[in-house]
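Laboratory data are not the source of any read-out in this text; all were calculated from the coordinates shown. All figures in this text were calculated on a predicted structure; none of them were measured in a lab. Counting neighbours? That spans all protein chains shown, and the Cβs are built from the backbone with ideal geometry, glycine included.
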Amino acid sequence: MPSTFLGLQTALRGLEVSQAGVDTVSHNVDNANTPGYAREVLDIGEMPSLPLGQDGNTSMVGQGAQVMQIQRIQSDFLNTQYRAQNAALYQANVVQSTLNQVSGILDEPSSSGISAALSQFYQAWDALGSNPSDLSSRTSVIDAAQTLAQVLNQTSNQLSQLQSNLQNSLQTAVSQVNSLLEQIANVSNQIVKSQQMGEQPNDLLDKRDALLNQLSQYTSFQATDTPVTEGGVTYDQFSLSFTDANGNPVTMIDGTKTDFSNANPPSNLVGQLAIASDTGAVSIVPWGSNSATSADPALSGQGGEIQGYLDSIADVQTYQNDLDVFAESLAGGGTYTLSSPWTIPASAVNSPPYRSMYVQTLSGQVRLDQWIQSQKLPESGGTYTIPSGTTIQTTLGAMTVTLLGPLDLTANTVSQYGNMLIQVPDQAQMTLSEYLSKNPGATSLPAGTALQVSGLNQLLTLGFSENGQGQQLFTSSLTSGGEPITAANITVNIGPADLAAGTTSTTDSSGNTVAVSGDGSLATLIGNMANQQMQFPNPLGSSSNETLTGSLSNYWTAAIGQLGLQSQQANNNVNVQTSLVQQISNQQQSVSGVSMDEEMTNLISYQQAYNASAEVISAINAMLTQLMQNV
Amino acid sequence: MRITQGMLSNQVLYDIENNLQQLSKLETEASTGKRINEPADDPIGVQNVMIYQMETNFDQEYHQNATNAQSQLNFLSSVMTEAQNVVSRARDLAVEGANATETPSDMQALASEVGQLYDQLVTIGNSQYNGQYIFNGANTAAAPYPTQAANMSPDAVSGSLDPAQRVTNSGQVYMDLGDGVTLPITVSGNQFFGNQGATNNAFSVLSQLYDALNSGDHTQVDNLLNSLDSVIENMNTVQANVGSLINRAQMMQTRMTDLSNSVTQQLSNVDDADMAQVLTNLNSISAVEQASLEVGAQALPMSLVNFLKPGA
């Protein structure tokens, strides 16, 4: 026989359940815009019934409702999908933004970029060829050469600046990942503690999901939640691992080492990221050791900003290499003895222009990369340092030119370039010394002779200026240590009076050898070099000496075309990833998002249920009052 | 599928952003008038643009060179005409002097005029264009003929001061007109005025005429008429050659204008935005953008909340 007051108790439970319902609605509505929030739904169940127990009547009477649990609605599958695509999106974003900046720095097509400066350079030469004794034409060649050198310097510096910015961003991203790992490890410990007390820590789970979403911005990872039952209590062991370069998972947070002691760092936090001091790679190291070397496993790139930065740094390096090849080919090959140590990027030693450099050793010439290997030079901060005193020969910019006018030979030319290959019209190719021994007393080479020169610089030293024999136009910056010419250090060496415009000489009133004032054949030859074919290292050929033939402007145009293709692809990647993330995010919203309509409907039904329960209480109250009065 | 307010606002944001991106690209195209504003816009096209731009620059340079060559050659030609006039005048005087009726004083007067003509011819031989000697081959900085000789009487010059003994530079200054075409724009003095010691050397012939007139030798003057004719003939030949060079320079100038036009046309085909298309697209995208903003503004604040009265 149930109690007289059973009805009151039942109605009270109704009030409590409705109250909890309204609270849940309120919680959902409040958190509608909280990142990582998964909506909660009240799981309501019936209370066990009581037998009426009157006169053998076995009917049962219900005792009302109760809150079973407050369920968190989310999908693990969608979360994993979202994080993977989000990582890819952030990687694509970084690469796109880098390539955008590179496009801005290279500034093509425009009237102020390298292409325009090169065109003006050749035009200035052509104008000088038609007016070789005019001082203003000479000055404008020097001006155009300076402009070209400065544009190369600036562009190269801006690319270096971009690279160091990317390096800083990479460092920041690595710190962010470490900080996120620590937070995730701590939250996981709190979750386990709470679950072991039989609680359901929805807020902590939300927080961890939000942290994991944030982590996916930096790199991809695998997260596993394994339910474990101990002493009748079920809790989740949460583990998180990264992938190393060999494709093996490396545990960063170990779920089997749940920490209950509030230790700092918690014992489940086992790994962190660090940048290797020698190669600059992002490596996985035990938690707490903040330094790494290339011996530590490297983080494998499967998306995220970290991979984006690494890709970007490599991309910028290829454009830096392109610029260096351009600068070297413009000036032509030469021999350089380092007067101070020279630092080169380690990632580029197998690429042009470093692939075309040779070191002079006692046993002959050795290619730079092979020399570095044989010397076992240590890598540091992603660079090799070549010691001073090393003699390096560069080979880019070599070409065959055909003389427009006769070339007067001086003692200097004969002694310096005796090995130069020449081909006089209607004769076989031979060296200059061979030619002179066959033609004793020859003082000049006839027009139409083909010369194999190491580049523009050498060609100019064959000609004549107002001051005598011509001088090299380009040199590496005089302030640094005699390094080979690069885009960063290329400068103009000489003034207008040392500029050779012609190939014939005469003797002035004081007996000096000077250029014939109206001979502009050399300048015209250079002015027509916009189409001069030369050999370029194939940027796609790995370590072999594959070459491509083309003009300097062809080479630059191809590099810009390559940039265009890369940027276009990066733009497409970003578009595809944005729409993928958008779709998955919508699906997540569909499952876990708060719907105002739904919440309001729930609010009304809980409100009405509450009112009804209150009505029941008031009815029972009236019944009991009546009963009391009648007694 | 369950639809939530978050999905609606996400979707509206995503769509508006997409529209804005397209708007911004079209806006750039419309305001620059160019289809290719960065390499990513058309990686193949950008290479063509760079090549065409360089070609246009060179065509302009060559065009300018052709114009310069033309004006220098015109100048050269007019100087040559002047020189021929001088020699023709000397011939007229010689015809007069060959006449046996001329008195010795008449002959003196004729000789004095020939002396002036001689000086004038030396001055012409040292003509300059833009400060450069045009009759000294490639050595444009030095005067081909002794400048002092222009103020001396023909019988006073001798040795190194004698223009007739001068060997001028045999080179040539070339103007680059593109496509491997180079035009000579100077002439060697020896070519035009005759080699040193040759019978058709203008200076030596005038000098001899001066002497013959001075000494009143009618027969010698008569003999020199043939030499004067061969001087004029040589000058004519060289000038005709210059005339053909002027024609070539003109042809190259026209050719460069044509080439430049055609390259500009190609550049425009690759690089210029199709304004009609851009503006049409711009209009339709901005209409879409406006619609999505309006729909967003109407749909986003909509939920059951708007229809529940407080305290109901």
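Taking amide H positions as modeled 1.01 Å from N, with prolines and chain starts lacking one, the residues under 5 Å from residue A:283 and 5 or more places away or on another chain are A:274, A:275, A:276, A:299. Work through the residues other than residue B:110 whose Cβ is under 9 Å from its Cβ and net out their charges, Lys, Arg +1 and Asp, Glu -1. Once positives and negatives cancel, what remains is -4.
Candidate cross-link partners of residue B:25 among the lysines, defined by an alpha-carbon separation under 19 Å and a same-chain spacing of 8 or more, comprise B:34.
Solvent-free Debye calculation, one equal scatterer per alpha-carbon of region B:168-312: log10 I(q)/I(0) at 0.09 Å⁻¹ equals -0.63. Taking a ≥ b ≥ c as the square roots of the eigenvalues of the Cα gyration tensor, region A:113-152 is oblate, since a/c reaches 1.5 or more and a/b is not larger than b/c.
Overall shape: rounded for region A:330-395, with the ratio a/c of the largest to smallest alpha carbon gyration tensor axis below 1.5.
Which whole number gives the average count of other chain Cβ atoms within 10 Å of the Cβ atoms across peptide A:597-605?
Details: counts 8, 6, 5, 6, 2, 0, 3, 3, 0.
Mean shielding count: 4.
By per-residue mean of other Cβ atoms within 10 Å, what is the highest-first order of A:163-176, B:35-48?
Numbers: A:163-176: 17.5, B:35-48: 20.8.
For the peptides A:163-176, B:35-48, the packing ranking is B:35-48, A:163-176.
Considered as an equivalent ellipsoid built on the Cα gyration tensor, chain A has semi-axes of 83, 25, 16 Å, the largest given first. Restricted to Cα atoms, region A:1-106 shows a radius of gyration and a Dmax of 26.8, 98 angstrom. Assuming charge only on the beta carbon of Lys and Arg (+1) and of Asp and Glu (-1), the dipole of chain A about its Cα centre is about 920 debye to the nearest 20.
Amide H contacts for residue B:34 (H built 1.01 Å from N in the peptide plane; partners 5 or more residues away or on another chain; cut-off under 5 Å): B:273. Translational diffusion of chain B was estimated from the Stokes-Einstein equation, with Rh taken as the Kirkwood radius over Cα pairs; at 20 °C and 1.002 mPa s the coefficient is 82 µm²/s.
Here residue A:438 is the anchor, and no lysines lie within straight C-alpha reach of less than 26 Å, apart from those fewer than 8 places off in the same chain. Of the chymotrypsin sites (Phe, Trp or Tyr not before Pro) in region A:1-107, not one is in a loop by DSSP (not H, G, I, E or B) with at most 10 other beta carbons within 10 Å. Overall, the anisotropy analysis places region A:309-439 in the prolate class: the square-rooted eigenvalues a ≥ b ≥ c of its C-alpha gyration tensor yield a/c not less than 1.5, with a/b exceeding b/c. Counting Lys and Arg as +1 and Asp and Glu as -1, what is the net charge of the other residues whose Cβ lies under 12 Å from the Cβ of residue A:284? Summing Lys/Arg as +1 and Asp/Glu as -1 gives -2. Nearest 10 degrees, 0 to 90: what angle lies between the long axis of helix B:275-299 and the longest principal axis of chain B (Cα atoms)? The angle comes out at about 20 degrees. Each of A:583, A:191, A:176 was placed along the dipole of the protein assembly as shown (beta-carbon charges, centred on the mean Cα), and the one lying farthest toward the positive end is A:191.
For the segment A:114-125, counting C-beta atoms of other chains within 10 Å of every residue's C-beta and taking the mean gives 3.
With bins 5 Å wide beginning at 0, the percent of Cα pairs of region A:536-616 falling in each bin runs 3, 11, 9, 9, 8, 7, 7, 6, 6, 5, 5, 5, 4, 4, 3, 3, 3, 2, 1, 0.
What is the Cα radius of gyration of region B:195-274 over 2.2 N^0.38 Å, N being its residue count?
On the way: Rg = 25.9 Å, N = 80, 2.2 N^0.38 = 11.6 Å.
My calculation over the Cα atoms of region B:195-274 gives 2.23.
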